[in-house]
Amino acid sequence: MFGGLGGTEFLVIILIAIFLWGPDKLPKALANLRRFISKARTMASNAAADLSREIGTDIRPEDLNPKTFVRKHILTEEDQEMLTSPLKSTMRDLQEGTKPLQEGLRDTTREVENTRRSVNRGSITKSANGSSAAGAGANGAEAAAAEPAAERTRGRAATFDDVT
């Protein structure tokens, strides 16, 4: 709701403020808080402007992160390119080297998915035809031996998911 505060947290803060300052002094305390926040923001922007003026470049608060500061204000573009080019070429070589592996995995995944679908379709067709061990008649022993163990124990068609 308000910068990560939920409704109940905001209500608790309001109740605590009413108890601490009372309903008659609360508006003045909120006005003072608003003025303090405004002054703090002004001081921060003035400090950033002073720092920018001293260094000679435009500095934003996110630029004060040491990694960003070094990259943006100390290294030249040539230095940065010299440092990142070996990493870029290594990454490019790694991507090129793993393409056959990615394609092989993609093909294997497709084959496994197709096999799973055909096994599941076959199990559904088998169940729909009613060829279970109990309904097999004279060949009941042969049908029971041919059925997967999972199908016999559960009394339903086995799927690829049952096998894995």
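Things to note:
- R71 under 34 Å from the mean Cα position of the chain (by Cα) and at pLDDT 85 or above: no
- Any hit, the range 95-102, residues being part of a helix (DSSP H, G or I), surrounded by 11 or more Cβ atoms within 10 Å (Cβ to Cβ) and modelled with pLDDT of 85 or more: yes
- Unique residue being surrounded by 11 or more Cβ atoms within 10 Å (Cβ to Cβ) and modelled with pLDDT of 90 or more when the list is L11, L105: L105
The values are calculated or read from the model by the stated rules, or taken from the named source; none is laboratory data. All values reported here derive from a predicted model rather than from experimental measurement. As a convention, Cβ positions derive from the backbone with ideal geometry for all residues, glycine included, and neighbour counts pool all protein chains shown.
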